[in-house]
Each structure stands twice: as C-alpha cells, then as structure tokens.
1. Need the failing condition index for R264 against (1) more than 16 Å from the ligand (Cβ to nearest atom); (2) in contact with an Asp or Glu (Cβ under 7 Å, 6 or more places away or on another chain); (3) in a helix (DSSP H, G or I), just the number.
2. Can you pull out every residue in region 112-141 that is within 15 Å of the ligand (Cβ to nearest atom), open to solvent by 60 Å² or more (accessible area, probe 1.4 Å) and among the acidic types (D, E)?
3. Looking at R156, R169, which is the one that is closer than 30 Å to D10 by Cα and basic (K, R)?
4. Of all residues in region 150-165, which are open to solvent by less than 90 Å² (accessible area, probe 1.4 Å), part of a loop (DSSP other than H, G, I, E, B) and farther than 23 Å from K3 by Cα?
5. Applying the selection to region 81-97, what residues are assigned to a helix (DSSP H, G or I) and aliphatic (A, V, I, L, M)?
6. Going through region 53-107 one residue at a time, which ones are touching a Ser or Thr at 6+ places or on another chain (Cβ under 7 Å) and farther than 27 Å from A261 by Cβ?
Amino acid sequence: MAKALGQRLDEAVAFIRGRTKHLPELALVLGSGLGDLAEAIEGTAIPYSAIPHFPDSTAPSHKGVLHVGELAGVSVVAMQGRMHLYEGYSPKDVVFPMQVMARLGAGTALLTNAAGGIRDDFEVTDIVLIEDHLSLAGLAGGDPLRGPNDESVGERFISMNNAYDKNLRAAAEKVAGETGLNLKSGVYGFVSGPSFETPAEIRAMRTLGADLVGMSTVPEVIAARHSGMQVLAISTVTNKAVSSLDDDHITNAEEVWDAAALIRPKLAGFVEALLPRLSEATQ
Ligand code: HPA
C-alpha cells in the first residue's frame with residue numbers, strides 16, 4: 001500500500017535534515033528565468049532525484065535542485081525549478097515539495113513565475129505582484145487538495161481569501177517604492193498548459209477578471225496555505241497574451257525564456273532586497 005502523505009513528508013524532511021543544519025524560515029520557488037538566483041545561496045544543494053518521494057523537474061531551464069542555506073541574511077530553502085501539471089504530474093505531485101518545505105519549518109513562501117500579460121497596460125519585462133488568482137484548472141477538479149485529507153498537514157477546507165498575504169504585499173510595495181521599481185499588481189489566471197491559450201480563451205479569462213496567465217504557482221500556493229504558510233507571489237511578464245485572431249503573433253517558449261532572461265537581474269535585485277523585509281513582516 002502507498003505510504004500516507006505525512007509519512008512520505010517525514011521521510012523527505014529527515015533526509016534533508018541529514019544533509020544540512022540550516023533551519024529555513026522562508027521557502028523560495030524560483031520559476032522560469034530566476035533559477036540562477038539559487039546559485040547565490042550559501043549552503044547545501046541537493047538534487048531532487050536524491051530526495052525520497054520528490055518528483056523530478058523535467059521542464060526546460062528548471063534545474064531540479066533544492067538549496068538550503070542563507071540568502072540576503074535570511075535562512076531559506078529554495079527550489080531551483082518546479083514541477084508543472086503539463087509535465088504530466090498530478091496536482092498532488094506538484095505540491096509535494098511545498099509541503100516538504102513547510103514541514104521543514106518554513107513559515108513563509110515566496111514564489112516567482114513567468115506569465116503572459118492579459119491586461120493592456122502590462123508590458124513585457126513588467127514585474128507584477130499577484131494579489132489574487134483565478135484557478136481555471138482547480139475549479140474544474142484539479143485542486144491539489146482533492147482526495148483524502150491528511151490532518152497532520154492541514155485542515156480539510158481552507159479559506160483562500162487573502163491567500164496572497166496583505167502584509168507581505170504591503171512590504172513588497174514598500175521595498176519597490178524604495179528601490180524605484182515600478183511594481184504592478186494583478187490577478188493570475190492558472191491554466192494547465194502546455195498549449196498556449198487561444199485568443200477566445202484569453203478574452204474569456206479577461207472577462208472573468210484575470211490580468212495574467214500562467215501554468216504554475218497556484219497549486220503550490222493552495223498547498224502552502226493548507227500547510228499554514230504565508231504567501232507572496234510575483235509574476236514577470238514575458239509576453240503579451242494574444243486576444244484577437246487579427247493579431248498574427250505566435251506565442252512561443254523562446255520568447256518567454258528570452259524575456260525571462262532580460263528580467264532576471266531586475267527581479268533578482270528585488271527579491272534580494274525583499275527577503276529580509278519579508279522576514280521582518282512575518283515576525
Ligand atoms: N500563457 C501561459 N503561460 C505562460 C505564458 C502565456 O502566455 N507566458 C509565460 N507562461
């Protein structure tokens with residue numbers, strides 16, 4: 001019989017604790033384009049493939065290494081690369097690492113991703129604070145908490161109001177103001193991918209209230225909230241989502257990676273300035 005979630009989490013945590021003495025307070029998920037920031041973490045690097053029950057990361061430019069150590073004076077555990085539904089993982093597999101990081105002791109999660117801009121005033125290279133989400137995949141049965149609930153992880157039913165913590169968002173706005181970053185804010189629409197959206201889907205998402213669209217983050221945020229973590233999430237706009245058949249633009253992965261590479265220094269600087277302040281905001 002398959003082991004219970006709590007037992008699998010304990011085995012993964014015991015393995016990581018055997019490799020490092022760091023006690024991380026903050027979990028970082030470094031999505032497309034920001035993985036390199038993990039190299040600045042002083043501590044231990046563990047390949048996902050070595051950690052019991054950890055799914056491996058197969059997406060291009062997602063390295064699949066867990067880093068535990070210090071970044072900008074904060075004790076962190078960071079995922080250099082994440083799992084996505086489009087790789088074929090179940091929603092539960094996708095969130096296992098977040099649940100491990102919570103059990104390791106991280107009380108706060110900071111997630112980053114690449115996203116398509118739906119709102120007209122979002123430009124490529126913009127950095128956008130996620131204030132809320134629209135989980136198209138989740139509402140249709142893809143919620144990572146679907147199925148038996150392990151009470152040692154969290155409660156059966158959880159509220160998702162203010163899932164993106166108000167205090168942490170205020171701290172991020174403050175740091176942006178101080179560092180001269182034009183930080184925007186918006187609602188992230190989650191799709192499973194890997195096909196990009198049709199113009200009709202983008203128009204539908206805009207009507208429903210999504211400002212951005214992407215293939216990650218939301219399952220992990222739901223799991224982080226379930227595990228009692230406070231959450232902050234940041235999107236980088238890597239492309240403008242196409243909303244009209246008259247627009248001949250062909251969205252493609254190269255465009256997303258090229259833009260992510262362009263944004264990387266700006267986002268890395270922001271994240272490093274933000275980390276100590278998030279740590280203060282949650283004390
Ligand atoms: N759609 C979905 N996911 C994405 C996009 C997009 O346009 N850009 C980056 N990730």
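The values are calculated or read from the model by the stated rules, or taken from the named source; none is laboratory data. Predicted, not measured: the structure shown is a model, and the values here were computed from it. Neighbour counts are summed over all protein chains in view; Cβ atoms, including those assigned to glycine, are modelled from backbone coordinates with ideal geometry. Protein only, heavy atoms only, side chains kept; ligands, DNA and RNA dropped before computing areas. Shrake-Rupley method; radii C 1.70, N 1.55, O 1.52, S 1.80 Å.
1. Failed condition: (1).
2. D120, E123, listed by residue number.
3. After ruling out the rest, the residue left standing is R156.
4. Result: I158, S159, M160, N162, A163, D165.
5. Scanning region 81-97 gives L85, V94, V95.
6. The answer is Q99, A102, G107.
One line per residue, one yes/no per condition, for (1) assigned to a loop (DSSP other than H, G, I, E, B); (2) within 16 Å of the ligand (Cβ to nearest atom); (3) touching a Pro at 6+ places or on another chain (Cβ under 8 Å):
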site	(1), (2), (3)
A109	no, no, no
R146	yes, no, yes
G189	no, yes, no
S195	yes, yes, no
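Listed here are the residues, each with its yes/no results for (1) surrounded by 21 or more Cβ atoms within 10 Å (Cβ to Cβ); (2) not small (G, A, S).
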| residue | (1), (2) |
| --- | --- |
| A170 | no, no |
| E173 | no, yes |
| S192 | no, no |
| E197 | yes, yes |
| I222 | yes, yes |
| R225 | yes, yes |
| S243 | no, no |
| P265 | no, yes |
